Amino acid sequence: MRYRGSVLRSNLSSVLNFRQIAATKDRTSIAGAAMLVVCSLFLQIPQAQAQSVTKGASGYPLPRYASLKSERVNMRVGPGREYQVEWMYLKRGLPMEIIQEYDNWRKVRDAEGNEGWIMHSLLSGSRTAIIAPWEKGEGMIDMLNAANPAAAIVARVEPGVVATVSQCSNGWCELTISGTEGYIRQNQLWGVYPDEDVKG
């Protein structure tokens with residue numbers, strides 16, 4: 001197997017760039033929350049599994065994946081602007097799992113398991129995925145030029161990188177990362193279900 005591609009690296013500040021907004025200005029609470037975020041990146045994050053699928057009020061299935069439409073998105077503790085902002089996401093395209101709907105609000109879960117409410121207009125149906133966030137710091141993931149474990153490597157990808165999902169079938173997903181196209185096994189992604197077919 002030959003490797004002629006590039007190394008695609010993640011920068012924590014640009015890939016999972018979000019910060020908790022504390023209810024008070026207590027510096028200790030903010031520092032403690034930041035430490036929990038950093039520590040959790042080194043723990044294995046279980047791949048989300050599709051539960052029995054139901055339909056939400058929108059007519060779309062629950063649960064399902066979407067992505068952030070904006071570079072600055074607030075996650076609130078409840079479905080309304082009067083609720084406190086718990087998290088602020090600063091990276092467009094981050095995948096989110098929609099687990100509940102209420103009016104124009106969607107309850108979502110991120111790759112670290114944080115849950116809260118986001119206005120539906122700030123979410124996109126465009127599919128993205130995070131490369132093996134549970135393997136952060138454990139080495140690189142091979143992106144191949146075909147959906148075949150014997151295919152040539154086109155790039156080595158650092159866990160935590162966000163990819164655009166073109167399609168998924170038979171346990172493989174076709175992805176684009178920084179202009180590089182290739183295939184990664186579906187079970188190495190957070191943002192698609194292990195047995196989900198994603199159409200291009």
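Bear in mind that the values in this text are calculations on the coordinates, not laboratory data. Note that the structure is predicted; figures quoted are calculated from it, not measured. Ideal geometry is used to build each Cβ from the backbone, glycine not excepted, and the neighbour counts take in all protein chains shown.
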Would you mind ranking 154, 85 so that the residue whose beta carbon has the fewest other beta carbons within 10 Å leads the list?
85, 154
Mind giving me the FRET efficiency for residue 196 and residue 148? R0 is 22 Å, r the Cβ-Cβ distance, nearest 0.05 is fine.
0.65
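What ranking, highest mean first, results for peptides 60-69, 144-153 when packing means the other Cβ atoms within 10 Å averaged over each residue? Write out the running numbers ahead of the final one.
Values: 60-69: 19.3, 144-153: 14.2.
Per-residue mean Cβ counts within 10 Å order the peptides as 60-69, 144-153.
Rounded to the nearest angstrom and ordered from largest down, what semi-axes does the equivalent ellipsoid of the range 87-200 get from its C-alpha gyration tensor (root of 5λ)? Intermediate values should be presented prior to the final figure.
Working: eigenvalues 139, 44, 28 Å².
Values for the range 87-200, descending: 26, 15, 12 Å.
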Length released on extending from residue 178 to residue 57, taking residue separation times 0.36 nm less the Cα-Cα span:
40.0 nm
Between residue 126 and residue 85, what length comes free when the chain is fully extended (0.36 nm per residue of separation minus the Cα-Cα distance, one decimal in nm)?
12.3 nm
Which order, highest average first, do 126-137, 177-188 follow once you tally other Cβ atoms within 10 Å for each residue and take the mean per peptide?
126-137, 177-188
Could you give the dipole magnitude of the range 84-200 about its Cα centre, charging the beta-carbon of Lys and Arg +1 and that of Asp and Glu -1, in debye to the nearest 20?
260 debye
Rank these for me by crowding, 157, 73, 198, 53, going from fewest to most other beta carbons within 10 Å.
53, 198, 73, 157
